[in-house]
Amino acid sequence: MGNHASVNRRLSVFALLLVLLVSALGIRLVDYQIVRADEIRAESLESRKETRTLTALRGDIRDANGEVLARTVFRYDINAAPKNVGPVIRYMDGNRTEISVEAAADELARVLGLAPEEVLSKLAGESAYSNLAKKVDATVYNQIRELDIPWIYWDRFAYRLYPNGAVAGNVLGFVSSDGTPLAGLERQYNTCLAGVDGQETYERSAEGVRIPTSNVVTQPTQDGGNLNLSIDSNLQFFAQQVLAKSVSDLNAEWGSAIVVEVKTGRILAAAEAPTVDPNDPGASKAQDRGSRIMQFAFEPGSIMKSLSTAMVLDSKSATIYETVNSPDRLQLKYGESIKDSFNHEPFQLTLAGVLRYSSNTGMYSFGMRVDEKTRFNYLQKFGFGKTTDLNFEGESSGILRPYDEWQYADRYTHLFGQGVAVTPLQMAFAYQALANEGVRLSPSLVDSCVTPSGEVIYSPERKSTRVISEEAANMNLQLMEKVVEFGGVGKLAGIPGYRVAGKTGTAEIREGAGYGERFAISFFGVAPVEDPRFVVGVTIYKPVGETNSVKATGPFRSIMQQALKHYRVPPSTSKPRDDIPSNRFGKTGE
């Protein structure tokens, strides 16, 4: 009896303890599943949740015809989680099929262009990450996705692509591997091109595999705008090909060619050699990755004479019929002298004759009729001594000292292109002013920036500067035409069927305190004279063995001819004036 009572007491205590335990578990269960359910779910989600950046697409850079010169595409790194590798279960027509690891590796190998053994070796081990392939394109990525292998995942990133390679590479610039703009228009117009990255969250399983359909976009991406250029990629390509051949044939240090639309100031081509392929900028030397057209200033030589004759005409310091005595060497004060590039008897030259024979002594005699302050003001209005409104990064202002700081030689050497330094861009737009009835326009390389929704958020401000009178500009153009009509070297720039005006230039290159034995040869010109459409300027720097501009006229002619053909400019229907004297007269006036 006593034993029975003792057992009952123990059973009662056990039952009580069991009730208390169940009650505690019940309370805790209610707490977890009802009272704190939201909190626990949030903590659980937080432990599984990962956040990643959604890369916004950088905007396109397009040429004047809408052809894409730079675009951003997505590339993909294909990865595996070896610790999760196992047979792949697929259901086809309701039937369950098990794909072995070896068969899955073979499928991956075919898509990625790898050997199956190589893929298998990368799938071995217990790590959570193994890279199978880097930077595959969207086609390969989609094929990998269609395999539906659960232990395969990928990382997406933006990749900047330049479909035309080196075409306009020197002005486009390039970006780093992480998308940071490093040079050219890519950096200058980054606020237009750059997008705003977004964010998304997603969940991973306990094995570290991303759970499908778990992603939530917390911040949408905003893609960048498209930058529309004035560059015509077809003309640009042609100019680069011509220039590359010339630089190679002449073993020159570099060359440049610029094409400007006279009436708008739009730059249709800005070609350089050597150039840079933005897809692989590291393959080019550092000094060849920028744009010498905008960034390099040099003494221009005789291409400056066209501007000097324009000053003389505009200031009414001489007429087209007046002559000056032009010996082959002119002795000046302080022991200095000016000499022409060839020995000759004293000529009596008109302004047209000075250009035709490229006479330094004749240019001095005419040019010094214009006072120093006036000449300095003309040079400023032509755009020298300051950067242009293009604001291209690293753009050079050239060198133009204030007239009240001119030393003795400075007071006349700029008349024939010494003692002053200019960029090819500056000189091209000085010639644009001559061709545009005396009005210099602001250079334009970018037509607009347009958002993905079509909103225009940038277009260039068109500025103009009256440099010389319309009458002086038109007359000066006809003087320049005599260089191509009759000049010994200038004739090589002629284009059948078109009236062409221009000027040769052979500039000695400074070395230390004096001049060396190498030259920069140039030809800058305009066509058609009666209704100017284009300015083309070609400069070849330090060609080996060349002491005149003969080898610059050929590239000029080819590029100008292509521009006239490409834009279907009809041939000239008028002839050059025959009453403008440009021949040389002896002492007796013969």
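The values are calculated or read from the model by the stated rules, or taken from the named source; none is laboratory data. Bear in mind that the values here come from a model prediction, so they are computed numbers and not experimental data. FYI the Cβ positions are ideal-geometry reconstructions off the backbone, even for glycines, and counts take in every protein chain you see.
Could you pull out every one of the strands (runs of 3 or more DSSP E) wholly within the range 107-206 that has 2 or more residues that are at pLDDT below 90 and of a type in the set (A, V, I, L, M, F, W, C)?
Of the strands (runs of 3 or more DSSP E) lying wholly inside the range 107-206, those with at least 2 residues that are at pLDDT below 90 and of a type in the set (A, V, I, L, M, F, W, C) span 152-161.
What number of residues in the range 264-300 are part of a loop (DSSP other than H, G, I, E, B) and not aliphatic (A, V, I, L, M)?
16
In the range 259-287, what residues are closer than 22 Å to T388 by Cβ and among the acidic types (D, E)?
Scanning the range 259-287 gives E261, E272.
Mind checking which residues of the range 236-263 are within 24 Å of S396 (Cα to Cα) and part of a loop (DSSP other than H, G, I, E, B)?
A252, E253, V262
If you take just the strands (runs of 3 or more DSSP E) that sit entirely in the range 477-563, which of them hold at least 2 residues that are basic (K, R)?
The qualifying strands (runs of 3 or more DSSP E) are 501-511.
Please tell me if Y412 is of a type in the set (S, T, Y) and part of a helix (DSSP H, G or I).
yes
Within the range 246-269, is there a residue that is surrounded by fewer than 22 Cβ atoms within 10 Å (Cβ to Cβ), within 22 Å of Q188 (Cα to Cα) and among the small types (G, A, S)?
No, because not a single residue in the range 246-269 is surrounded by fewer than 22 Cβ atoms within 10 Å (Cβ to Cβ), within 22 Å of Q188 (Cα to Cα) and among the small types (G, A, S).
Could you tell me how many of the residues in the range 219-239 are of a type outside the set (D, E) and either closer than 30 Å to T201 by Cβ or surrounded by 24 or more Cβ atoms within 10 Å (Cβ to Cβ) (or both)?
Within the range 219-239, residues that are of a type outside the set (D, E) and either closer than 30 Å to T201 by Cβ or surrounded by 24 or more Cβ atoms within 10 Å (Cβ to Cβ) (or both) number 11.
Can you name every residue in the range 468-508 that is in contact with a Phe, Trp or Tyr (Cβ under 8 Å, 6 or more places away or on another chain) and among the aliphatic types (A, V, I, L, M)?
Within the range 468-508, I468, A493, A507 qualify.
How many residues does the range 311-321 contain that are part of a loop (DSSP other than H, G, I, E, B) and under 20 Å from R375 (Cα atoms)?
Result for the range 311-321: 6.
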